[in-house]
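Peer 1: One structure follows; several queries about it will come next.
Each value in this text was obtained by applying a stated rule to the coordinates, not by laboratory testing. Here the structure is a predicted model, which means the values were calculated and not measured. Don't worry about glycine lacking a Cβ; one is built from the backbone with ideal geometry, like all the others, and counts go over all protein chains shown.
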Amino acid sequence: MAGYWESTAPGRGRRAPRAEAVSDARVLSLNGSWRFRLSPTAAGSGEEFVGEDFDDSGWDAMPVPSHWVLEEFTPLAGGPPRSMRGTAEGPLYTNTAYPIPLDAPRVSTENPTGDYRLVFDVPADWESAVLRFQGVDSCAKVWLNGVELGWSMGSRLPFEFDAAVVPGPNLLAVRVHRWSAGTYLEDQDMWWLPGIFRDVELIERRAGAIDDHFVHADFDARTGMGALRVDATAEAIVEVPELGIRMPAGETARVPVEPWSADAPRLYSGTLTSAGEVVQLAIGFRRVEIRDGVFEVNGRPLTFRGVNRHEHHPDTGRTLSRATMIEDIVLMKRANIDAVRTSHYPPHPEFLRLCDEYGLWVVVECDLETHGFIYDGWATNPPDDPAWREAILDRMRRTVERDKNRPSVVIWSLGNESGTGEAFAGLERWTRERDPSRPVLYERDPSYRNSDFYSLMYPSLELLEHIGRGEEPAPEGIDETDEARRRGLPFLLIEYAHAMGNGPGSLQDYWAIMDAHPRLCGGFVWEWIDHGFSARTAEGVPFIMHGDDVEYEPRGGRFSLHGLVFSDRTPTPGLVELAKAYAPISIRVGAEVEIANARHSADTSDLAFRWAVEIDGRVAESGTLAVEPVPAGASLTVPLPFDLSASPDAVLTVEAALAADGSWAPAGHVVAWGQAVAEPVRASTSPASTAPASTAPASAVSAPGETARAPAGTDIAIGAAVFDATTGRMRRLGALELDGPWLDLHRAPTENDHGQGDLNDIASVWRKTGADRLRHRTDSVDAGADWLRVTGRTAPTSHPHGVEWQMLWRADGDGIALETTVDFVGPWRDTPYMHRDIWVPRVGLLFSLPGGYDAARWWGRGPGETYVDSCEGSRRGVFARTIEELQVDYPVPQENGNHIETRWLELSGSWVPNLRVDGRPEFDFTARRWTSFDLQRAAKPHELVDTGRVWLNIDHRQQGLGSASVGPALPERYRVPRERTTWSVRLSSV
Ligand code: GAL
């Protein structure tokens, strides 16, 4: 027999949805410690728990708001606390699959159910009250003083009841089911986290109070006039003193105003006063339109520099404090992010109030996703089934009604990945009628019939370019009318650049295309934050828990970690790269300094421009740059403040920084920068040498007549270096004892190397073809007085392909120069099975150095890690870091810490001579206390242990990062060409 929690109805007994408001009505927060009892089925702790006479002294204490699966259960009667983290009763992570049978709207009898009780006091002078739950996952039934008020589904949406409270103590009882019919509408890619996880409030209601109000604040960019009308459900007066407005609700005032934008979030404070309530108004005037296929706000095209934001905290899940919301916004603003898609549900309402205040454009998404119906071939998809119509519309109504007064909200999204169905026409119709001022978005229906935007996720750069030009292929099976309409729509990239693990790459590439085409109105990176939970091993070692740390099927594994910030909000290198790609000011330092302002509306008068020239890491000269305010959309040039031509290796940096303290960053915060670099210092040239010519293919090298074949087993000294005569590897350089180099072709796969499922899974090709099982063979070691030539072959076990190489060493003053040539031989395909081409992730040299090294100093990109397709956010110059600081502690160990465009590198330590590497002209380097194989094998960062050596990679090239964990394969130009290659470096030790 189905219970209410298995009903396709959205709820019962609730008040009509309405705007979130701050008013003078007294609010009693019911947050705090509640009494709690968890039971295995929907029958809960027994039917009688709702009355005063029920004895709950044997229950646990449970904080509200929280998710019970993340909390410690503290028995009121004493005893040790228990926690469910890491168990199948605890938080479960799935991406698309439902963790319950696909049997909508029914759920299994096993249905963890939490009964909650709270006694609270109501002041004697309250006339009446409304009880509000801001969010309960997934279905709640509520009783007040033993009387049932009703029930509701829709986890990330508020619901309210009229509450017949009595003066003095009142008893609130709530039953929360983990699984319900609502579960089928909430299949977002995230953890399943039941509980009363947002605030519970009792709001005083006096006679004449305002149930609902709707602020309409339009801005006409041609006239500069704002038009304000506030509709209210009660007779009320609107006052905005700053604008001299005092008028009845429902009337319109037209006044000159400053518009609201994310750049300049101008809010006007006002009040809405009825006989029983004074509501605070925070009014932002703006107009959102689509004109000729271009998305515009206040008459100017708007391009979102956006991220998708889930609510996540590593300890409390989707229960977030205001401080955490502010932390998100501040981090975003500092990274030049100006827009948020609230994937995939309305966030806590306070977040949107903060977006109004700090300035972020927001796409609010309805709490709707039915992705898991894909496993039924979409046959029973709720949006396509009239039985669910009301429940789905209820979610949209609660979304729009709650957030309709937020100027930051500029688009309503009907939901995420819910297939197609008639429900969307209903959602669109209702939304447009209720709020004609904002466009609507739905990405998943290829007809785009119910959307004001053409939209996709994760297109390739080529496809995005085609879309920008309006030359994209038509979606299949779409009728002509829909197709003609779709071609005229602006394009919104709701998800791109999958930030899972080390990555994403190509951010600059996406933005070069985005900037070039007015049809493209920006994009939202997937996604803001890793969803990992703080956990500890049995030994107490902290780690970040992901989906694979829970024994439950189905599970989404590590896929919960795809953020630009780690779970604890530490920025990843990806965020550094994004800050550059999203910089709203571009500074190009060439023959002149070109400054362009791509902001939507603000000029540059809030910024101070300054320059500095650095030589060998020290500021040699600096100054300020006089720059007239550049209006939005304009650019100008100023003369170059310094001539670099006479200062090799010097770097000129021009920065635009906040001139004064702002709400989200202090004065001096750098918004944008540009650089010019001088030519490298000429490396010393080697003295005349009798070394053989280096142009012969490695595979064809034969011992030239003038060489003396070295006797096996002895050492060979060449200048400052000593080599092993059998292996040809270096043993000593000056006083430095080392080993290497080995030719290196491997890296520990990144999440993007693993691709998505079977798609673009280059890591499995590497594994199958032995790229991580390389063996080395030395074929010849020949030496002259001041040169040594070593040839050999490096190849994977079991396979016929490999690399033939030659390393040609020449004494070079106090150091030694090395020219390496590699030739790829054999098929380099994963024959005989798949016939896929194998591209190697790196071509380089691996050295084993004593563990005494602890610091690196280099000229190159820095200070963070860089890869060919993710480097523009890192400056060039001289940087210094410890070996430990060079590591990026990804919660799943993988390749990290590379530095491209390095001109020279110095390693130093307490008991080892300095090692210097000079590029001719440049190289990539990585230095770590473990090998790539250790990185590949470790499942958690704490499994990486110091090997007692420093493993130094000096690479010709390493492939880029891409974002193939969801998205296109790594573009060809960022791979390592499998071709004959020669490169040089010089090593010295002092
Ligand atoms: C999208 C989805 C997101 C997330 C992403 C991959 O399809 O909307 O929720 O799953 O893919 O990480």
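Peer 1: To the nearest 500 deg cm²/dmol, what mean residue ellipticity at 222 nm is calculated for the chain from DSSP H runs of n ≥ 4 alone, each contributing -39,500 (n - 2.57), summed and divided by the residues?
Peer 2: -3000 deg cm²/dmol
Peer 1: While we're looking at this one, here's another question. Jot down the per residue volume, in cubic angstrom and as a whole number, of the convex hull over the alpha-carbon atoms of the stretch 904-990.
Peer 2: Hull volume normalised by residue count: 132 Å³.
Peer 1: For Gly477, what is the net charge nearby, where nearby means another residue's Cβ is under 15 Å from its Cβ and Lys, Arg count +1, Asp, Glu -1?
Peer 2: -3
Peer 1: Give me the net charge for the shell around Arg536: Cβ to Cβ below 15 angstrom, other residues only, Lys and Arg +1, Asp and Glu -1.
Peer 2: Residues close to Arg536 contribute a combined charge of -4.
Peer 1: Along each of its three principal axes, how wide is the spread of alpha-carbon positions in the stretch 585-677, in whole angstrom units, largest first?
Peer 2: Here the spans come out as 40, 26, 16 Å, largest first.
Peer 1: Taking just the C-alpha trace of the stretch 4-204, give me its Rg and Dmax in Å.
Peer 2: Radius of gyration, then largest Cα-Cα span, for the stretch 4-204: 16.6, 51 Å.
Peer 1: Report the FRET efficiency, 1/(1 + (r/R0)^6), for Asp837 and Ala516, where r is their Cβ-Cβ distance and R0 is 35 Å, rounded to 0.05.
Peer 2: According to the calculation, E is roughly 0.65.
Peer 1: Any idea what log10 I(q)/I(0) is at q = 0.07, 0.08 Å⁻¹ for the chain, Debye with uniform C-alpha scatterers and no solvent?
Peer 2: The Cα Debye sum returns log10 ratios of -0.68, -0.86.
Peer 1: Next question. Quick one: give the max-minus-min coordinate of the C-alpha atoms of the stretch 481-557 along each principal axis, largest first, in Å.
Peer 2: 61, 30, 14
Peer 1: I want to verify the translational diffusion coefficient of the stretch 24-99 in µm²/s; compute it with Stokes-Einstein, Rh as the Kirkwood radius over Cα pairs, at 20 °C and 1.002 mPa s.
Peer 2: It comes out at roughly 145 µm²/s.
Peer 1: What's the percent breakdown of Cα-Cα distances in the stretch 715-989 across 10 Å bins, shortest bin first?
Peer 2: The calculated distribution, bin by bin, is 7, 30, 37, 22, 5, 0.
Peer 1: Want the number for Val147 to Ser128: 0.36 nm per residue separation, take away the alpha-carbon distance, what's left?
Peer 2: Gain on extension, Val147 to Ser128, equals 5.2 nm.
Peer 1: Within the chain, which is the longest segment that contains none of the trypsin sites (Lys or Arg not before Pro) sitting in a DSSP loop with at most 12 other Cβ atoms within 10 Å?
Peer 2: So the longest stretch without any such site is 223-681.
Peer 1: Using all Cα-Cα distances in the stretch 207-250, what percent lands in each 5 angstrom bin from 0 up to the longest?
Peer 2: 5, 21, 26, 22, 14, 7, 3, 1, 0
Peer 1: Also, I was wondering about something else. Identify, among Trp859, Leu733, Val912, the residue whose Cα sits farthest towards the positive end of the charge dipole of the chain, taking +1 on the Cβ of Lys and Arg and -1 on the Cβ of Asp and Glu, with the dipole about the Cα centre.
Peer 2: The residue sitting farthest along the positive end of the dipole is Leu733.
Peer 1: Per 10 Å bin, what is the whole-percent P(r) computed from every C-alpha pair distance within the stretch 213-289?
Peer 2: All Cα pairs considered, the percentages come to 21, 53, 23, 3.
Peer 1: Let me ask something additional. With a Förster radius of 25 Å, plug the Cβ-Cβ distance of Trp911 and Asp616 into 1/(1 + (r/R0)^6) and report the FRET value to the nearest 0.05.
Peer 2: Given R0 = 25 Å and the Cβ-Cβ separation, E is 0.45.
Peer 1: Output the direction-averaged projected area (hull surface divided by four) of the convex hull of the alpha-carbon atoms of the stretch 480-616, in nm².
Peer 2: About 15.6 nm², averaged over all directions.
Peer 1: Here's another thing I want to ask about it. Quick one: putting +1 on the C-beta of Lys and Arg, -1 on the C-beta of Asp and Glu, what dipole do you get for the chain around its Cα centre, in Debye to the nearest 20?
Peer 2: Rounded to the nearest 20 debye, it is 1680 debye.
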